[in-house]
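What follows is a short report on a single structure.
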Amino acid sequence: MISKARIKYVRSLYQKKFRDRDGVFIAEGPKIIAELSKSYELVERYDGADGDAASMMDAPQGALAIFRQREDDCSTRLAKDRLHLMLDDVQNPGNLGTIVRLADWFGIEDIWCSNGCADIYNPKTVQATMGAMARVRVRYGNLDEILENRPEDMDVFGTFLDGDSLYETEMSEGGIIIMGNEGHGIGHDLEKHITRRIRIPNYPEGRETSESLNVAIATGLVCGEFRRRSVTETVKGR
């Protein structure tokens, strides 16, 4: 039976300062734990009533595990022939987790986060990834500096209300997609790097509608269009 002291420790890991101190994080649910075990070191696991006793979720998942955090070097070079995501101060843990899951679905293996983004190891983020963070590398750093050092002629796409339609913009198979903060969009320090300004048009255009889309939904639409174009060009080339 799990002790009260261990329950207290496990619950302390819901706070970033304790996760960072020990270099660990929590995941809940058998499926997510199984996925993360492929890429992260499992420190300890509690099943059944023990896992539920330590959980702080409204609906415990019947299994709780502590994993070792992974060292991800943000100095890694951007590959010109691959598609990368950059997130500028995306602060909602659920949005970040959903974006990681979307990246996994669309075969995007690298996400570069500004230091103002939500913590990938926040329990809400981990749960929202549904295990996708086992396959998607999430790195944190100074995005301005990373973009300054990107490969020559590497396209940088950013979403703006005054951009060109996503569905009419020329796209490359590789490049960088920047998605901005939920309330303020892409910061001015990153805007200078953008080579192609795009927007997701509403339907029909000109109709009064919501001011903007949720950042995770917008990311899904943009990534989906990139991959659709890629598949279309591959078929044409046969």
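For the range 140-165, which positions are out of contact with any Ser or Thr (no Cβ under 6 Å at 6 or more places or on another chain), surrounded by 17 or more Cβ atoms within 10 Å (Cβ to Cβ) and under 21 Å from Val90 (Cα atoms)?
Selection gives Tyr140, Ile146, Leu147, Phe157, Gly158, Thr159, Gly163.
Could you go through the range 117-125 and let me know if any residue there is open to solvent by 30 Å² or more (accessible area, probe 1.4 Å) and either assigned to a helix (DSSP H, G or I) or of a type outside the set (Asp, Glu) (or both).
Within the range 117-125 (the criterion being open to solvent by 30 Å² or more (accessible area, probe 1.4 Å) and either assigned to a helix (DSSP H, G or I) or of a type outside the set (Asp, Glu) (or both)), the answer is yes, since at least one residue qualifies.
Take the conditions open to solvent by less than 70 Å² (accessible area, probe 1.4 Å), under 25 Å from Val138 (Cβ atoms) and modelled with pLDDT of 95 or more and apply them to Ser37. Does it pass?
yes
Would you please list the contacts, defined by Cβ atoms under 9 Å and residues six or more apart or on different chains, that run from a residue in the range 206-228 that is farther than 13 Å from Gly107 by Cα to a residue that is surrounded by fewer than 13 Cβ atoms within 10 Å (Cβ to Cβ) and of a type in the set (A, V, I, L, M, F, W, C)?
Filtered contacts from the range 206-228: Glu211/Leu161; Ser212/Leu161.
I'm trying to understand the selection: among the residues of the range 53-90, which are modelled with pLDDT of 95 or more and either in a loop (DSSP other than H, G, I, E, B) or open to solvent by 70 Å² or more (accessible area, probe 1.4 Å) (or both)?
Scanning the range 53-90 gives Arg68, Gln69, Asp88, Asp89, Val90.
Please specify each residue of the range 1-50 satisfying the condition of being farther than 10 Å from Ala63 by Cα, part of a helix (DSSP H, G or I) and hydrophobic (A, V, I, L, M, F, W, C).
Passing the criteria: Ala5, Ile7, Val10, Phe18, Ala34, Leu36.
Could you grab me the full set of residues in the range 184-234 that are open to solvent by 60 Å² or more (accessible area, probe 1.4 Å) and aliphatic (A, V, I, L, M)?
Answer for the range 184-234, where residues must be open to solvent by 60 Å² or more (accessible area, probe 1.4 Å) and aliphatic (A, V, I, L, M): Leu213, Ile217, Leu221, Val231.
The values are calculated or read from the model by the stated rules, or taken from the named source; none is laboratory data. Quantities reported herein were computed from a predicted structural model and do not represent experimental measurements. Ideal geometry is used to build each Cβ from the backbone, glycine not excepted, and the neighbour counts take in all protein chains shown. Side chains included, ligands, DNA and RNA excluded: accessible areas come from the protein's heavy atoms. Shrake-Rupley method; radii C 1.70, N 1.55, O 1.52, S 1.80 Å.
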